[in-house]
Each structure stands twice: as structure tokens, then as C-alpha cells.
1. With a 1.4 Å probe and every protein chain kept in, tell me what percent of the accessible surface of the chain is carbon plus sulfur.
2. Determine the shape class of region 157-260: with a ≥ b ≥ c the square roots of the Cα gyration tensor eigenvalues, call it rounded for a/c under 1.5, and otherwise prolate if a/b is greater than b/c, oblate otherwise.
3. So what is log10(I(q)/I(0)) for the chain at q = 0.07, 0.10, 0.12 1/Å, when the Debye sum runs over its Cα atoms only?
4. Compute, for the chain, the length of the dipole vector about the Cα centre, with Cβ point charges of +1 (Lys, Arg) and -1 (Asp, Glu) only. Units Debye, rounded to 20.
5. Could you work out how far apart the two model spin labels at THR373 and ASP63 are, taking each label as a point 7 Å from the Cα in the direction of the beta carbon, and quote it in nm?
6. Within the chain, which cysteines find no other Cys whose Cβ is under 4.7 angstrom from their own?
7. How far apart, in nanometres, would the label points at GLU361 and ASP481 be if each is projected 7 angstrom from Cα along the Cα-to-Cβ direction?
8. Using a cut-off of 10 Å between beta-carbons, work out the net charge of the residues near PHE454 (Lys and Arg +1, Asp and Glu -1, PHE454 not included).
Amino acid sequence: MVTQTTRVSLTVVTLSFFTLVAQAQPQPFVFEKVIDNSGNFQSFGLPDLNDAGQVGFLGYIADVPGLYILTPGQSPQLVVDTTGDLQSLDLFTKINNAGTLVGFGTTNTGYQRIFTGIADGSTTVIAQTNATFTSLAPGPSISDDGTVAFRGATAAEGNGIYTRNWPDPVVVVEDETGSFEAFFAPFINHQGDMSYFARYNDGPGAVFNHRADGTRVQIIDNTGNYSGILPYSPPNSHGSVALRGVRADGTGDVILSGDGDSLNVLVDDGSYFQSLVSDLAINDNGLVVFNPRLASSGAMGLYFNDGQQVRRIVGPGDPLFGSIVRDVYFTHALNASNHVAFLYVLENDEIGIATTQIQPEAPALLSAYSVKTHGAAGDLAIHLPLDGGGSEPRTGGPTRIVVTFDQDVYGSGGPILDDVSLSAGIVDDVTIDGNEVTVDLSGVPDATVLTVTFPGIVNDVGLPSEDELCIRVLAGDVNGDGLVSVTDMVAVRNMLNQPVTARNCHIDVNADGSVSVTDMVAVRNNLGASVGNCP
């Protein structure tokens with residue numbers, strides 16, 4: 001049973017609405033056909049995928065269903081089929097990183113069975129209804145150490161969530177003798193953490209992350225903004241679970257991710273998606289893949305959210321393998337390197353399993369500011385357009401630059417000062433906070449076109465930023481035209497004795513906190529100076 005329970009009150013709900021892009025056409029993905037029905041196989045169940053690229057799937061040969069493992073570069077290897085003591089197999093299977101499948105079937109004698117198997121054809125019974133259990137549910141899952149999580153019922157404990165790592169005994173995680181009266185299938189991740197839905201006795205239902213150490217964290221319940229919270233994904237190693245939420249006010253469905261402390265709305269586009277009732281997955285990179293039904297056709301497509309926006313992978317009407325996609329089906333087949341496996345149906349009646357890799361995008365600059373301290377007026381920033389049209393007119397050149405990226409970024413692991421490169425001057429310090437990078441610098445000469453690059457600023461999968469920031473540095477060029485002239489002196493004169501604010505801090509040329517004759521002198525002393533344009 002659970003040794004510790006944490007019911008977290010969600011005090012932070014981040015409504016991160018991302019617009020859908022590339023609705024009509026997919027992103028430029030490279031699809032690899034794993035197998036199709038042009039050979040021995042007639043049809044397939046939904047595939048799963050491990051980090052080594054092995055695909056586990058149910059396939060039919062001569063109307064005989066079997067579970068198979070396909071290792072890249074090899075032929076499919078049969079694990080088990082219905083020519084033995086099994087009369088049926090479930091459409092779903094899961095494969096762990098050790099290459100072990102877990103499946104659900106019914107024996108010739110009518111018993112329900114959960115079992116594991118490997119490519120040499122050997123299988124192990126995990127649970128069966130002629131022994132401890134009165135019923136078992138389809139959809140077991142397996143961790144890398146071979147622990148199988150499943151839902152079942154016993155005469156003594158009623159319905160519950162169970163685990164077993166053969167040959168150890170069955171472990172009762174939750175059952176009806178405790179706080180809950182109903183359960184949905186558990187999903188276990190590679191590390192042994194589980195997610196599952198449970199309904200409190202005469203109370204709400206909730207999705208939990210049950211950690212391998214026995215602690216339990218409530219991700220969300222159905223008493224707040226969302227009256228429905230199914231389906232849900234296995235947790236990633238950071239404790240985040242992706243799930244579908246049904247708004248209590250009746251305004252539609254969303255896809256959420258949460259870790260017990262906060263919830264993020266990842267997908268919210270009722271006009272484009274008819275339904276979000278589909279399996280979904282989240283990996284350690286925070287990538288969420290889902291399989292919605294489209295409002296335009298009622299067919300199924302495959303999409304992902306990369307933390308920035310929703311993008312299409314493949315869907316109805318897209319070209320694929322010489323034909324046109326009719327439907328795409330997906331379960332939890334997303335691995336650590338952002339590869340996904342899915343079942344496709346084409347207009348030419350080809351059915352098959354394919355994989356593709358979702359390539360994350362490098363961090364892109366969203367905004368940039370040059371910040372200086374203006375005496376008692378404090379730190380004030382000049383906006384630097386990313387097209388190179390901005391300039392720093394204050395004496396001494398830029399001394400602090402603050403940039404934001406379109407995603408959280410990190411240092412590459414080397415010396416932090418090497419994360420940022422300048423075409424002139426010295427990097428004194430670099431600070432990273434989420435998607436914001438602050439660069440302290442010095443020694444940038446006047447009348448310089450300064451280029452700032454970010455070779456050591458990377459995203460969570462190690463892709464470096466390829467963007468660069470160009471800043472024209474010219475003391476006294478308060479109108480930003482690249483030339484210090486009488487026009488700049490007039491601009492300062494017109495603001496004499498005005499309070500220095502974020503709107504006019506570029507006029508305070510010497511950054512002392514006041515617009516005075518001293519600033520006019522600074523402009524006059526640089527009359528005629530000019531600076532080139534950014535490339």
C-alpha cells in the first residue's frame with residue numbers, strides 16, 4: 001500500500017495558450033516505414049517504441065494475431081501468438097528499454113492473462129484470473145527493470161492497482177479497501193513511476209503520480225476548472241503528466257501538463273480539433289504528442305507541442321509513402337530522442353507502422369534591451385530591435401544586455417563567459433534565468449557595430465542558439481539614425497529638466513538621472529560622428 005500521500009493544492013495555474021500553426025500542411029518530417037501490409041502482415045495494432053528504436057506491435061499474419069518486436073535493421077521477431085494456449089491478444093502492447101514486451105490476452109480456457117515476453121519467444125505469466133485475480137484489465141505497462149503495472153480485481157480487495165516484477169509477489173498499490181472506490185489503468189514509466197486515475201470514496205476523481213519510492217502526488221482532480229480529466233499519459237522522469245481536461249463551464253477540451261504544483265494549458269483550439277479524447281505522451285524534454293480528431297474531417301491526426309506552439313506531424317490529406325493519409329493512430333510511443341511511432345491508414349488501403357523524429361528548434365531571440373543605471377531614476381532599458389535598427393546612444397556604450405528567448409535556455413557546461421561572444425568589448429558576466437539571459441559587458445568602443453552571438457546558450461536538448469544581436473553603438477545619436485547631428489542636440493534641448501523615465505532615457509546621454517545641459521554638451525562633443533548599419 002502507499003506509504004505517503006501528498007495532496008497538493010494547485011496554487012499556480014499557468015494558462016500558456018499557444019496558437020496552432022501549420023494546420024494545412026505538416027512540418028518537414030522524415031518518415032521511416034517500419035512495416036506495412038504489403039507482405040506477410042494483414043493489419044496491425046497500435047505500436048510502442050523504446051529508446052533504442054525497437055518497436056513492439058500486434059500484427060496479424062493469416063488472421064493469426066501475434067506480438068512482435070522489430071529491432072532497426074532486422075526482421076520482426078515473434079514473441080507470442082494465438083497458436084498456443086492464447087485465443088486472443090489485446091491490440092496494445094508496451095515495450096521497455098530492455099526489449100521486453102508486456103501484453104494482455106485470453107487463454108483457450110477463458111482466463112485473462114497479463115504476461116511479458118522477449119524476442120526469443122519466451123514468456124512469463126505476471127497475473128491470471130484462475131489464481132489471485134477475479135478479473136484483469138487490458139493495457140498493462142512495464143518499466144525498465146521489468147516491473148509490470150496493471151489494474152485488476154480480487155475477491156478480498158476488489159478493484160485495484162497492482163505491480164509485479166517476476167518472480168516477486170504481486171504488490172498492492174491501491175485497492176477498494178482504502179481511500180478509493182474506482183480506478184483506471186496505470187501507466188508506468190521507465191524509472192518505475194506510475195500515473196493512474198482513482199476516484200475517492202463518494203468523492204472526486206483525480207489523476208496521480210505514484211512514485212517508485214511509494215509516495216503519491218495528486219496532479220489534478222475534477223472539482224475545479226475541469227470536470228473531466230481523462231485520458232492521461234505516463235509520467236516523465238520530472239514528474240509531469242500530460243492529460244486531457246474537459247472544462248467545467250462547457251467551453252471545450254484542453255490538453256494540460258502538470259506535476260502536482262502547477263498546470264499548463266498546452267493545447268486549446270476547439271475550432272480546429274473536434275475532439276482531444278485520445279492517448280497522449282510526454283517525454284523528459286517536455287515534448288507532448290497527441291492524436292486528436294479533426295473538426296474538418298473527423299479523421300485522426302498526429303500533433304505535438306514543443307513548449308512554444310502546437311505543430312502538425314502528419315494527418316489526413318498529407319502525402320505519405322506514395323499515397324494520401326486517411327487516418328493516423330497513436331498511443332504512448334514517444335521516446336527520449338523525440339522519435340514517435342504511429343499506425344497509419346492510406347487512401348490506397350495501405351496500413352502500416354511508421355516512425356519519425358521531432359526535431360526541436362534552436363532557441364530563437366524574442367526581445368533584447370540595453371540596460372543602464374540612471375542615477376536616482378534607477379535601471380532603465382532601451383529596446384533593441386532584432387532587425388538591427390536600434391542603437392545605444394548613451395556614453396560608455398552598452399554595459400548590460402538582457403535578451404529573452406522563445407524557450408528556456410541553459411549554459412552549455414563550459415566556462416559561462418564563453419556562452420556569449422562579442423565582436424568588440426569584454427563579457428564580464430552571464431546570468432541565465434529561464435528564457436532570459438543577462439550579459440554584463442564592458443569596453444565596447446564608440447562608433448561600433450557590435451554583434452552579440454550566443455554559442456553556449458542551448459535548449460534542454462542541447463541545441464545552441466543560432467541567432468545574433470546587432471547593436472549600433474554611437475554616443476549622442478539619440479534619434480538612432482547613425483549620425484550625431486544638430487537634430488540630436490535639439491531632441492535633448494526639448495527634453496531639458498524633464499524627469500528621466502523608460503520612455504526618454506535615451507535622451508539622458510550621460511545616464512546621470514537628469515536631462516541637462518551636460519547631455520547637450522555630450523552630444524555636441526560627438527557632432528559629426530557616425531556608425532555603420534547592421535548587416
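1. 49
2. Values: a/c = 2.53, a/b = 1.46, b/c = 1.73.
In terms of gyration-tensor shape, oblate.
3. Log10 I(q)/I(0), no solvent term: -0.53, -0.87, -1.08.
4. Values: 22 positive and 59 negative charges, 126 e Å.
Charge dipole, the chain, about its Cα centre: 600 debye, nearest 20.
5. Simple spin-label model gives 8.4 nm for this pair.
6. Taking the Cβ cut-off of 4.7 Å, the unpaired cysteines of the chain are CYS505.
7. For the pair GLU361/ASP481, the computed spacing is 3.7 nm.
8. Numbers: positive: none; negative: ASP419, GLU466, ASP467, GLU468.
With Lys, Arg at +1 and Asp, Glu at -1, the neighbours total -4.
The values are calculated or read from the model by the stated rules, or taken from the named source; none is laboratory data. Quick caveat: nothing in here was measured; it's all calculated off a predicted structure. Reconstructed Cβ throughout: ideal geometry from the backbone, glycine too, with neighbour counts over all protein chains shown. For the accessible areas, the whole protein counts, side chains as well, though only heavy atoms, and no ligand, DNA or RNA atoms are used. Shrake-Rupley method; radii C 1.70, N 1.55, O 1.52, S 1.80 Å.
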